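The values are calculated or read from the model by the stated rules, or taken from the named source; none is laboratory data. Remember, predicted model here, so these are calculated numbers, not experimental data. Methodologically, a virtual Cβ is constructed for each residue, glycine included, from the backbone with ideal geometry; neighbour enumeration extends over all protein chains shown.
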């Protein structure tokens, strides 16, 4: 007949200890994660035209807002364009148009005086460049 088991008899190294048998622990199998279908992600179509500009080596995308200046629209949308006087005399807000220039009205007198030949290279003053009142889509 076997000795009754006590707490002390289960500690390894004690005389008369009975080797403890451990049952294997059940392994929980993770449920397979549902896989997404490998198809292109549909992006919402933009109905508002966007003007892409570059200033000091950084690019900014500004959604067109009718009759608003490029600078005020950019700042309202969180673009951190550099500017100072907002009257077209300092030139700090000068940007180069990369795309979407058709949304902007013709250059103002301040832009023509300040930028001169740079206008044909796509440069504009963000504080003076305003979006057209009706924006082509």
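Can you confirm whether residue 99 is out of contact with any helix residue (DSSP H, G or I) (no Cβ under 7 Å at 6 or more places or on another chain), buried (at least 18 other Cβ atoms within 10 Å of the Cβ) and modelled with pLDDT of 95 or more?
No: the conditions fail for residue 99.
Of all the residues in the range 56-69, those that are under 15 Å from residue 128 (Cβ atoms) and under 18 Å from the mean Cα position of the chain (by Cα) number 1.
Considering the range 103-128, the residues that are under 16 Å from residue 68 (Cβ atoms) and in contact (Cβ under 8 Å) with a residue 24 or more places away in the chain include one that is surrounded by the most Cβ atoms within 10 Å (Cβ to Cβ), namely 125.
Listed conditions (1) within 14 Å of residue 49 (Cα to Cα); (2) in contact with a strand residue (DSSP E or B) (Cβ under 7 Å, 6 or more places away or on another chain) are all met by residue 88, apart from (1).
Assess whether residue 75 counts as being crowded, with 16+ Cβ neighbours inside 10 Å and at pLDDT 95 or above. No: the conditions fail for residue 75.
Annotation: of all residues in the range 78-96 being out of contact with any helix residue (DSSP H, G or I) (no Cβ under 9 Å at 6 or more places or on another chain) and either surrounded by fewer than 15 Cβ atoms within 10 Å (Cβ to Cβ) or touching a residue at least 40 places away in the same chain (Cβ under 8 Å) (or both), the one that is farthest from residue 121 (Cα to Cα) is 78. Checking each residue in the range 86-124 for being within 17 Å of residue 58 (Cβ to Cβ) and assigned to a strand (DSSP E or B) picks out 94, 95, 96, 97, 98, 99, 123, 124.
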